[in-house]
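Report on one structure; see the data block that follows.
Just so it is clear, none of the values below were taken in a lab; they were calculated from the coordinates. All values derive from a computational prediction rather than experimental measurement. A quick note on method: Cβ atoms are made from the backbone with ideal geometry, for glycine too, and the neighbour counts reach across all protein chains shown.
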């Protein structure tokens, strides 16, 4: 049995270079009451992530099979006439094989980095409304921070802060670092512990790389909702930014997030003013193939606005069912909702426009309070 499992583990990465999981699903699209049929072709967990976000209930699996990646365009063509959307996740090396076959693509991950080289006043201007509330909570509850290199603090952080929080917030969709995987980052870095009355209630694992502080992982004691309501989780971000600024660093790297504009992790980092970049950690592209323009497709991208690559730059793509015509009020609303440094423009899909409406984010308001 051990030999068989070892053989499977050895062959899996080789086989996945040539074979992909194909799954045809159908369910009711959130907010529409209408059936939505999607074909997923991937060897990742993207289907689980998007099905949870997109459907009223988990969709029915109509068919599941293995498909040869070299013949992918034939597979997609076979099903194009009776699906709303096809989503393909492939290693970057296959990019040329799908050239001309997809409508949009996005990197598997985006990086989010905050530039702190300017004055503290300018840094605060990049914060959105939620981080500014954090400052008030820090004062209200008397929160402070300590920097620790104590291995006992790391053990406490891992088992009583990091594990409880990630298991509570992300359940089955999270990749959970093992203790041994996380330990080397602590040994070359430090913990920032958020303190309430000399008691550690949250912490962030960080390390230095050139002129950057890399903020790798965080946790809240027991994932206690009372601490979260007091702003403990957000206070980690605030204190790490403060510490990095005070100690002469130029950047705070919040690492990577999924490339969806309303993903909770992405939004939280964006609220702290982080700019967006294609992540070097991305090993795959996510391709969106639209057989025909429809209100269903517009609704999908309204539920799942996404960062896409467009002429070697990053753009936002969002669906807007009520956006029949471009107007200034609409542009201001979408700018407030989705603008981030590093995203050049916003492409808007509407039911009545086959071509995307292009907003260039011109005239961004200086005041980012939302």
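List of remarks:
- Where only DSSP H runs of four or more residues are counted, the chain gives -9500 deg cm²/dmol as its mean residue ellipticity at 222 nm, each run worth -39500 (n - 2.57).
- In terms of its alpha-carbon gyration tensor, segment 94-197 comes out oblate; a/c meets the 1.5 threshold, while b/c is at least as large as a/b.
- Of 51, 86, 284, the sequence from fewest to most neighbouring Cβ atoms within 10 angstrom is 51, 284, 86.
- Spatial offset of segment 235-288 relative to segment 68-113 amounts to 26 Å, using the alpha carbon center of each.
- Residues 121, 295, ranked from the fewest to the most other C-beta atoms within 10 Å, line up as 121, 295.
- The angle between the Cα long axis of helix 232-246 and the main principal axis of the chain comes to about 70°, on a 0 to 90 degree scale.
- Taking other Cβ atoms within 10 Å as a rough exposure proxy, 256, 68 sort from fewest to most as 68, 256.
- Tilt relative to the chain, helix 2-15 - C-alpha long axis, 0 to 90 degrees, to 10: 70
- Model label points for residue 147 and residue 280, set 7 angstrom from Cα along the Cα-to-Cβ axis, are 2.4 nm apart.
- Rounded FRET efficiency, nearest 0.05, which uses the C-beta distance separating residue 68 from residue 125 and R0 of 56 Å: 0.60
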